[in-house]
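S.K.: Provided herewith is a single structure, encoded as structure tokens, for subsequent inquiry.
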Amino acid sequence: LIGLAVLIIALLLIGFLLPGKMEVTRSTVINASAEAVFDEFNDLKKWQEWQYWNTLDKPGEATITYGEKNAGTGASYTWDGKNTGKGTITITESIPNKSVASDIEFTGSGTAKGLYTVEPEGEGTKATMNFSFDNGMNPIGRWFSVFMKGEIERAFDYGLARIKERA
């Protein structure tokens, strides 16, 4: 029992040494107009077609409820899934054909920031997804971020590939 207690204390102390903020950014160039790519980011109903997280719950295991708007500043939806948990996404700023900023509230776990940008690159459009979450002084949250970073990178790669197909 003493060994287990020492291990738990060591893991907590190491948790305080881990980065407090997690940030993930992924980009790709899409052979489509900035308007077409922006529309995928700006319309929350279209997110259901390209989001990796939607593949984690089987049909009937998750519900999505849209707010009064589904596109542009103020648009939102809540989700409640068996594997994806509960939360709300709200678009906090939408700059046409440039960027979409969002707050992603994970029920009981805090709020992350999402930023989705489009910019011309060559004959296509560079699409970038960014996610940031501040764990503050929570050592357990910091450990969780270490393990979630790879999953978020996978989710962004999946989403950007689907948007590339759609746009």
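The values are calculated or read from the model by the stated rules, or taken from the named source; none is laboratory data. Note that the structure is predicted; figures quoted are calculated from it, not measured. No Cβ is skipped: glycine too gets one built from the backbone with ideal geometry, and neighbour counts run over all protein chains shown. Surface accessibility is based on the protein's heavy atoms, side chains included, excluding ligands, DNA and RNA. Shrake-Rupley method; radii C 1.70, N 1.55, O 1.52, S 1.80 Å.
S.K.: Kindly indicate whether any position in the stretch 69-79 is part of a helix (DSSP H, G or I) and within 18 Å of PHE131 (Cα to Cα).
M.R.: no
S.K.: Only one of (1) small (Gly, Ala, Ser); (2) farther than 13 Å from LEU18 by Cβ; (3) in contact with a Gly (Cβ under 8 Å, 6 or more places away or on another chain) fails for ALA112. Which number is that?
M.R.: (3)
S.K.: Can you go through ASN54, ASN31, ASN70 and tell me which one is more than 30 Å from MET137 (Cα to Cα), touching a strand residue (DSSP E or B) at 6+ places or on another chain (Cβ under 9 Å), touching a residue at least 40 places away in the same chain (Cβ under 8 Å) and polar (S, T, N, Q)? Steps first, answer last, please.
M.R.: On the way: ASN54 fails: touching a residue at least 40 places away in the same chain (Cβ under 8 Å); ASN70 fails: touching a residue at least 40 places away in the same chain (Cβ under 8 Å).
The conditions single out ASN31.
For (1) at pLDDT below 95; (2) open to solvent by 80 Å² or more (accessible area, probe 1.4 Å), each residue gets a yes or a no:
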site: LEU7; (1), (2): yes, yes
site: ALA10; (1), (2): yes, no
site: GLU40; (1), (2): no, no
site: LYS45; (1), (2): no, yes
site: LEU56; (1), (2): yes, no
site: ALA62; (1), (2): yes, no
site: TYR77; (1), (2): no, no
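S.K.: Pick from the stretch 12-38 the residues that are assigned to a helix (DSSP H, G or I) and closer than 30 Å to THR125 by Cβ: which of them is most open to solvent (accessible area, probe 1.4 Å)? Quick ask: steps written out before the conclusion?
M.R.: Of all residues in the stretch 12-38, those assigned to a helix (DSSP H, G or I) come to 12-17, 34-38.
Narrowing the set further to residues that are closer than 30 Å to THR125 by Cβ leaves 34-38.
Numbers: ALA34: 20, GLU35: 103, ALA36: 35, VAL37: 0, PHE38: 18 Å².
Among those that are assigned to a helix (DSSP H, G or I) and closer than 30 Å to THR125 by Cβ, it is GLU35.
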